[in-house]
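First up is the structure itself, then whatever we jot down about it.
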Amino acid sequence: AQSVTQPDIHITVSEGASLELRCNYSYGATPYLFWYVQSPGQGLQLLLKYFSGDTLVQGIKGFEAEFKRSQSSFNLRKPSVHWSDAAEYFCAVDALNAGNMLTFGGGTRLMVKP
Amino acid sequence: DTAVSQTPKYLVTQMGNDKSIKCEQNLGHDTMYWYKQDSKKFLKIMFSYNNKELIINETVPNRFSPKSPDKAHLNLHINSLELGDSAVYFCASSQESGTFSYEQYFGPGTRLTVT
């Protein structure tokens, strides 16, 4: 069965610092990959997605992610974090044979220090 | 102009009751979903539904049933509520035919508390 692992439950960074959130998946082929953000008390918003092609994908709010097949990873990055980026971040996988039902990682809570 | 809306936003009820959560999308999407987010923020798919097919996560108890009166609505009915059903339930939708999207749009969530 497919699985998604986000090794870091909490991350704290200073405002203006760079950010990398890790995501690893377990699946035989290359699935569709997504990053979502959830602000407190809110629903999920799609940041970016990878289906095929260029392994570096750009998303909204200045985020990007890089797909590395050899490492089964899809890490999320941002060069300079803003206080408004504090939220919960979820990596998700669509293995295509699951009726387009997403499998989510456990989430990483990002806190931003002033 | 909410794309995916859910009602109610909060629902407090007692064990053993039957309740429903409503979901509506105005995006013209053909597929809708229900997800459960537990107290540890873990998100799990429950159902995927379009006008042709219902796909059920095999771990979902049969006390949960989705009902779709039309393409824009997918309601979640829960019978004989248990304490463990307390969670935030998210509805989502996507366009799965005719486009290459697979982008799911989520509603704001319904926080269900069973006492």
Task: chain A: translational diffusion in µm²/s, Stokes-Einstein, Kirkwood Rh over Cα pairs, 25 °C, 0.890 mPa s - done: 173
Open item on the list: Can you give the local net charge around B:His77? Use residues other than it whose beta-carbon is closer than 11 angstrom to its beta-carbon, Lys and Arg +1, Asp and Glu -1.
Closed with: +3
Open item on the list: Ratio of alpha-carbon Rg to the 2.2 N^0.38 Å globular estimate for the protein assembly as shown, to two decimals, please.
Closed with: 1.01
Open item on the list: So if I place +1 on the C-beta of Lys and Arg and -1 on the C-beta of Asp and Glu, and nothing else carries charge, what would the dipole magnitude of chain B be about its Cα centre? I want it in debye, nearest 20.
Closed with: 340
Open item on the list: Compute, for chain A, the length of the dipole vector about the Cα centre, with Cβ point charges of +1 (Lys, Arg) and -1 (Asp, Glu) only. Units Debye, rounded to 20.
Closed with: 60
Open item on the list: Give me a comma-separated list of calculated 3J(HN,Hα) values for the stretch A:9-15, in order, Karplus coefficients 6.51, -1.76, 1.60 applied at θ = phi - 60°, integers in Hz, x for any Gly or Pro.
Closed with: 6, 10, 9, 10, 10, 7, 4
TODO: Could you let me know the centre-to-centre spacing of the stretch A:46-114 and the stretch A:18-38, using Cα atoms, in angstrom?
DONE: 5
Task: Charge-dipole axis of the protein assembly as shown as Lys and Arg at +1 and Asp and Glu at -1 on Cβ define it, positive-most pick from B:Tyr33, A:Ala86, A:Tyr32 - done: A:Ala86
Task: About the Cα centre, charge dipole magnitude for the protein assembly as shown (Lys/Arg +1, Asp/Glu -1 at Cβ), debye - done: 360
Open item on the list: Below 10 angstrom from the Cβ of A:Gly41, what's the summed charge of the other residues (Lys, Arg +1; Asp, Glu -1)?
Closed with: +2
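Kirkwood Rh, Cα Rg: Rg to Rh for chain B? Intermediate values should be presented prior to the final figure.
Numbers: Rg = 13.6 Å, Rh = 14.2 Å.
We get a ratio of 0.96 for chain B.
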TODO: Read phi for every residue in the stretch A:47-55 and hand back ³J(HN,Hα) as whole Hz from Karplus 6.51 cos²θ - 1.76 cosθ + 1.60, θ = phi - 60°, with x for Gly and Pro.
DONE: 8, 6, 8, 10, 10, 5, x, 3, 7
Task: Lys/Arg +1, Asp/Glu -1 at C-beta; the stretch B:10-115 dipole; positive extreme among B:Thr59, B:Thr115, B:Gln104 - done: B:Thr115
- [ ] Partner chain Cβ atoms within 10 Å, averaged over the residues of B:34-42 - can you pull that number for me?
- [x] 3
Task: Karplus-derived HN-Hα couplings along the stretch A:78-86 (A = 6.51, B = -1.76, C = 1.60, θ = phi - 60°), whole Hz, x at Gly and Pro - done: 8, x, 8, 7, 10, 4, 6, 7, 4
Task: Unsatisfied cross-links (Cα-Cα over 26 Å) in the set A:Lys113/B:Lys41; A:Lys49/B:Lys9; A:Lys78/B:Lys9; B:Lys9/B:Lys36 - done: A:Lys49/B:Lys9; A:Lys78/B:Lys9
Task: Options A:Thr103, A:Gly53, A:Ser72, ranked by Cα towards positive dipole end of the stretch A:51-114, top entry (Cβ charges) - done: A:Ser72
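Coordinate-derived values only; no laboratory data. On a predicted model such as this, the values are computed, not experimentally measured, just so you know. Using ideal geometry, Cβ is built from the backbone for each residue, glycine included, and neighbour counts are taken over all protein chains shown.
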